[in-house]
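The values are calculated or read from the model by the stated rules, or taken from the named source; none is laboratory data. Small disclaimer: the values here were computed from a predicted structure and weren't measured. Accessible surface areas use protein heavy atoms only, side chains included; no ligands, DNA or RNA. Shrake-Rupley method; radii C 1.70, N 1.55, O 1.52, S 1.80 Å.
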Amino acid sequence: VQLQASGGGLVQPGGSLRLSCEVSVNIFSINVMGWYRQAPGKQRELVAQITSGGSTNYADSVKGRFTISRDNAKNTVYLQMSSLKPEDTAVYYCNGIQIRGSTYAYWGQGTQVTVSS
């Protein structure tokens, strides 16, 4: 399973970005898709998750500003980020969790998001 993340960049505070994560297999085979981020000097943290059934979960710091969604036909998960703040600056990673007896975790390459004026 491969995850290909894209969509990062430089944006001003208050701006928006959309990250995409394309999965190399049928996305229905991935039980949970998510986005994590890691800022310099900090641990990687969960940003948002979405299950195969469509249930979502967000970090408190992004609730009301970020939206995770999935396009099953395109095997792609999105993270729409709005009202961006400088503290959102981080490398964002796409993650997939697959449960088939054992639990398998897959990571995409990171994409840099920088919020700065």
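Springs between Cα atoms under 10 Å define the GNM used for the chain, and in it the highest mean-square fluctuation of V91, V25, V47 occurs at V25. Taking 1.002 mPa s as the viscosity and 20 °C as the temperature, the Stokes-Einstein diffusion coefficient of segment 38-90 based on its alpha-carbon Kirkwood radius rounds to 175 µm²/s.
Please state the shape class of segment 9-56: rounded when a/c is under 1.5, otherwise prolate if a/b exceeds b/c and oblate if not, all from the C-alpha gyration tensor. In terms of gyration-tensor shape, prolate.
Please list D71, D60, D88 from largest to smallest accessible area, probe radius 1.4 Å, with all protein chains kept in place.
Largest to smallest exposure gives the sequence D60, D71, D88.
Extension gain, Q80-Q98: 0.36 nm per intervening residue step, less the Cα-Cα distance, totals 4.2 nm.
If one computes P(r) from the Cα atoms of the chain, what percent of pairs lie at distances over 25 Å? Value for the chain: 17 percent of Cα pairs lie more than 25 Å apart. Straight-distance candidates among the aspartates and glutamates for linking to K85, with alpha-carbon spacing under 20 Å and chain neighbours fewer than 8 residues away dropped: E45, D60.
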